[in-house]
Structures are given as C-alpha cells and as structure tokens.
Amino acid sequence: MNRNLSLILLGAVALAACNKESHTIVGGETPDPMKEELAKAAPVELPPAIEASKTYRCKDNSLVRIDWLQGGKGAYLHGEGHDQTHLKAAEAAEGKPASTDLTAEGGFVLKGEAKASTVTLTVPGKGTQSCKG
C-alpha cells in the first residue's frame, strides 16, 4: 500500500513540475535564402537510362560488356584492361553527314546498335575487331 501511495505521490510531483505557460505555435513558410538563385538556374537534365546491357565475345576471345543508353545518347564500355569508357555519338564534320559511330577519347570506336547481335569495336592497343553478343 505504501508503495502505491509513493508512486501516486511521485506522479503528482512530476505533473506539478510541468511548465504551465501557454505556447504559441506560428505556422508558415520560412524564407529560403537561395530562392531567387534557384529560380534563375537552368533546368537539370537527368542522365539517360540504360536501354540494354549486353555482353559480347570479341574475335580475340576477350569479353566486353556494353551498356547501351536510351535515346541514342551513347554507351558505356566495360572490358578487361581498361576502365569504364563513355562512348558518345561523333560530331558531324562540316559538309559530311553525321556518323552513327560512337567514339571516346583515346581511340575507342563502336559501330553497331543495341538490337544488333554483332558490333565492331576498336580499342586502343587491340585494333578493330568484330564482337558477337
């Protein structure tokens, strides 16, 4: 009985210690210090999604994986002996039609498309070779 009485007394003391002042909560928008800068910023374009990811065996018996990007935005080449390489559509030279080849710095050239079962790949140090998916 004493135990129950002491618990009740302890609870009453805890409630009596509560702050009885009224609190005012104000809603609304806090000002954004970058609001004007963000309004003037150019729209952000997301990177293209991967349309297809295929593995090819090349003529020299090496394996390469190509992640083809949607919308003809290029491809990512993964292979032995080199880091991931982003191949992009070659820019059209003046007076010549645009090429469908995908190129990257260092001499990488990819001829083909995601739906094709065979592509032609040029890798620095290995030359040009045919690769089948």
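Structural remarks
- Hey, Leu7 outside any loop (DSSP other than H, G, I, E, B), exposed (fewer than 10 other Cβ atoms within 10 Å of the Cβ) and either modelled with pLDDT under 75 or out of contact with any Cys (no Cβ under 8 Å at 6 or more places or on another chain) (or both) or not: no
- Of the residues making up the range 119-133, those that are in contact (Cβ under 8 Å) with a residue 24 or more places away in the chain, in a strand (DSSP E or B) and not hydrophobic (A, V, I, L, M, F, W, C) are Gln129, Ser130, Lys132.
- No other residue among Lys40, Lys111 is at pLDDT 90 or above, surrounded by fewer than 10 Cβ atoms within 10 Å (Cβ to Cβ) and among the basic types (Lys, Arg) apart from Lys40.
- Options Leu102, Leu46, Leu110: the member that is touching a residue at least 40 places away in the same chain (Cβ under 8 Å) and aliphatic (A, V, I, L, M): Leu110
Here's the yes/no breakdown for (1) modelled with pLDDT of 90 or more; (2) closer than 23 Å to Pro47 by Cα; (3) assigned to a loop (DSSP other than H, G, I, E, B):
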{"residue": "Asp60", "(1), (2), (3)": "yes, no, yes"}
{"residue": "Val64", "(1), (2), (3)": "yes, yes, no"}
{"residue": "Trp68", "(1), (2), (3)": "yes, yes, no"}
{"residue": "Gly71", "(1), (2), (3)": "no, yes, no"}
{"residue": "Leu77", "(1), (2), (3)": "yes, yes, no"}
{"residue": "Glu94", "(1), (2), (3)": "no, no, yes"}
{"residue": "Thr100", "(1), (2), (3)": "no, yes, yes"}
{"residue": "Lys115", "(1), (2), (3)": "yes, yes, yes"}
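The values are calculated or read from the model by the stated rules, or taken from the named source; none is laboratory data. Since the model is a prediction, treat every value here as computed from it, not as a measurement. As a convention, Cβ positions derive from the backbone with ideal geometry for all residues, glycine included, and neighbour counts pool all protein chains shown.
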